[in-house]
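The values are calculated or read from the model by the stated rules, or taken from the named source; none is laboratory data. Source: prediction; values computed, not measured. As a convention, Cβ positions derive from the backbone with ideal geometry for all residues, glycine included, and neighbour counts pool all protein chains shown.
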Amino acid sequence: MRLRLACLGFGNVGRALVTMLAEKERDLRERYDLEVCYTGAFTRSAGGWSAPEGITPAALAASGWPTSGALPAGAQPFAGDALAFAATCPADALIEITTLNPQSGLPAIDHVRAALNAGRHVVTANKGPIAYAYRELRALAAEHGVALRFESTVMDGTPIFSMSEASLPATRIEGFRGPMNGTSNYVLGRMARGESLEEAVAGAQKIGIAEADPSNDLEGWDAAVKATVVANVLMGADLRPGDVVRDGLGAEAMRQAHAALPPGHALKQLAVVERDGDAVRARVELAALPLSNVFATLVPGETALLLHTDTMRDLTLIEGDGGPGQTAFGIVADLVNIARGRWTV
């Protein structure tokens, strides 16, 4: 199978993906009979290009685009905006890795919708479309007979959705909890080692896991979006991030909770989702956990998710220090699943 890829967004994850696809070219061909090439890419700052004949990942990586300023050999400038690119670029699959808008999921939802309507598979690492429009987009993918995959939206490439799809048949997810935001866990972990909140945030920014403005992480928005994705996909909920209760969060709340932390406890920002009759309730909270709790043992930067099930009881997944490479792996896994005919979660 030859899969032509168009990439919308091309930051750290996009570059890591190109590198991984180049390194795994032989494995993909020999194990899955899969060959991939890029027929276009688009960024907000550098604009876009298309190459109907296709450019190999190795050639794209060697070109240095977009930082080089020069288009890859064989590419032509794309005349249009991001939405037009999603709809018209000559590709079999759109990879949507633009920046998350946690308050609305836009414009990524529009990008995904345009690609699906054009009959393209979509792989996204952007949480917004799945948090705000999962049911609509899933139905749209089914209508057009194409894939909608999103393994990298939560805990980078940790196989949450594909594991549930393949390994938890006839299982009901009753709820879940966990420190799902790596930045907050990093900051709280460094504070436990004696750093101030400001020093811990600066450290998180230095290693690239925190934005210049970390408020979306510290105030629970990122965790709320992730919790919404997992609840909607694995529990059949119909939540939006605004439905997730986020009380007692933020920088000042973290300082106060850290100062009041009892001995023998660790402070974590937890997402908690539970069934309440026919409803699903979600919240993000700061919790003082005894050191015997598995979440309390996580080192700064790690994230975890504990699923409450009716078959396996409690099932816990732990991700080590995440990063662009692990997010890229989740995208690669989704592409392989498309090649194997596993289209929707």
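Gly74 fails exactly one of the following numbered conditions: (1) more than 18 Å from Arg2 (Cβ to Cβ); (2) assigned to a loop (DSSP other than H, G, I, E, B). What is the number of that condition? With respect to (1) more than 18 Å from Arg2 (Cβ to Cβ); (2) assigned to a loop (DSSP other than H, G, I, E, B), Gly74 is out only on (1). For the stretch 64-86, the tally of residues that are of a type outside the set (Phe, Trp, Tyr) and surrounded by 18 or more Cβ atoms within 10 Å (Cβ to Cβ) stands at 6. Of all residues in the stretch 4-50, those satisfying the criterion of being more than 21 Å from Ala82 (Cα to Cα) and in contact with a strand residue (DSSP E or B) (Cβ under 9 Å, 6 or more places away or on another chain) are Leu21, Glu25, Leu28, Arg29, Leu34, Glu35, Val36. Exactly one residue out of Val233, Val244 is within 15 Å of the chain's Cα centre (by Cα), crowded, with 16+ Cβ neighbours inside 10 Å and either over 27 Å from Leu17 (Cα atoms) or not assigned by TED's automatic domain parsing to the domain that holds Leu17 (or both): that is Val233.
Name the pairs whose Cβ atoms lie under 7 Å apart, with the first residue in the stretch 292-307 and over 18 Å from Gly322 (Cβ atoms), the second of a type in the set (Phe, Trp, Tyr), and 6 or more positions between them or separate chains? Sorted first by the residue in the stretch 292-307, then by its partner, the pairs are Leu307/Phe176.
Pull up the stretch 208-224, narrow it to residues that are among the aliphatic types (A, V, I, L, M) and in contact (Cβ under 8 Å) with a residue 24 or more places away in the chain, then point me to the one that is surrounded by the most Cβ atoms within 10 Å (Cβ to Cβ).
Top of the filtered list is Ala223.
Close Cβ contacts (under 7 Å, 6 or more residues apart or on different chains) running from residues in the stretch 144-171 that are touching a residue at least 60 places away in the same chain (Cβ under 8 Å) to residues that are of a type in the set (D, E, K, R) and outside any helix (DSSP H, G or I) comprise Val146/Arg120; Met155/Glu319; Asp156/Glu319; Thr158/Glu319; Thr171/Asp310. Kindly indicate the residue of the stretch 166-200 that is out of contact with any Lys or Arg (no Cβ under 8 Å at 6 or more places or on another chain) and over 30 Å from Asn232 (Cβ atoms) and also surrounded by the most Cβ atoms within 10 Å (Cβ to Cβ) among those meeting that condition. Restricting to residues being out of contact with any Lys or Arg (no Cβ under 8 Å at 6 or more places or on another chain) and over 30 Å from Asn232 (Cβ atoms), the top hit is Met191. Taking the listed residues Gly330, Gly325, the one that is within 24 Å of Arg31 (Cβ to Cβ) and touching a Ser or Thr at 6+ places or on another chain (Cβ under 7 Å) is Gly330, with no other qualifying.
Being part of a helix (DSSP H, G or I) and over 23 Å from Ala131 (Cα atoms), is that true of even one residue in the stretch 243-251?
Yes, because at least one residue in the stretch 243-251 is part of a helix (DSSP H, G or I) and over 23 Å from Ala131 (Cα atoms).
Considering (1) outside any helix (DSSP H, G or I); (2) touching a strand residue (DSSP E or B) at 6+ places or on another chain (Cβ under 6 Å); (3) not hydroxyl-bearing (Ser, Thr, Tyr), the lone condition that Ala296 does not fulfil carries the number (1). Looking for whichever is in contact with a helix residue (DSSP H, G or I) (Cβ under 8 Å, 6 or more places away or on another chain) and part of a loop (DSSP other than H, G, I, E, B) here; the options are Gly80, Gly40. Which one fits? One residue alone meets the criteria, Gly80.
Which of the residues belonging to the stretch 151-161 are under 16 Å from Leu306 (Cα atoms) and either surrounded by fewer than 22 Cβ atoms within 10 Å (Cβ to Cβ) or of a type in the set (S, T, N, Q) (or both)? Matches in the stretch 151-161: Thr158, Pro159. Residues considered: Tyr32, Tyr38. Of these, the only one that is closer than 19 Å to Ala118 by Cβ and under 26 Å from the mean Cα position of the chain (by Cα) is Tyr38.
Is at least one residue of the stretch 213-227 more than 15 Å from Gly175 (Cβ to Cβ), modelled with pLDDT under 95, not assigned by TED's automatic domain parsing to the domain that holds Tyr132 and not in a helix (DSSP H, G or I)? For the stretch 213-227, residues more than 15 Å from Gly175 (Cβ to Cβ), modelled with pLDDT under 95, not assigned by TED's automatic domain parsing to the domain that holds Tyr132 and not in a helix (DSSP H, G or I): present.
Please go through the stretch 117-135 and pick out each residue that is under 19 Å from the mean Cα position of the chain (by Cα) and more than 16 Å from Phe42 (Cβ to Cβ).
Residues satisfying the conditions are His121, Lys127, Gly128, Pro129, Ile130, Ala131, Tyr132, Ala133, Tyr134, Arg135.
Just one residue in the set Leu239, Leu305, Leu298 is modelled with pLDDT under 95, within 21 Å of the chain's Cα centre (by Cα) and buried (at least 21 other Cβ atoms within 10 Å of the Cβ); that residue is Leu298.
Annotation for the stretch 23-40: at least one member residue is crowded, with 19+ Cβ neighbours inside 10 Å and farther than 14 Å from Ala6 by Cβ.
Of Thr297, Thr344, which residue is among the hydroxyl-bearing types (Ser, Thr, Tyr), within 21 Å of Ser164 (Cα to Cα) and outside the structural domain of Ala147 (by TED's automatic domain parsing)? Even if it seems obvious, please write down each step before you answer.
On the way: Thr297 fails: within 21 Å of Ser164 (Cα to Cα).
Testing whether each residue is among the hydroxyl-bearing types (Ser, Thr, Tyr), within 21 Å of Ser164 (Cα to Cα) and outside the structural domain of Ala147 (by TED's automatic domain parsing) leaves just Thr344.
Looking only at the stretch 55-114, filter to residues that are charged (D, E, K, R) and farther than 30 Å from Gly220 by Cβ; which one of those is farthest from the chain's Cα centre (by Cα)? Among them, the one singled out is Asp81.
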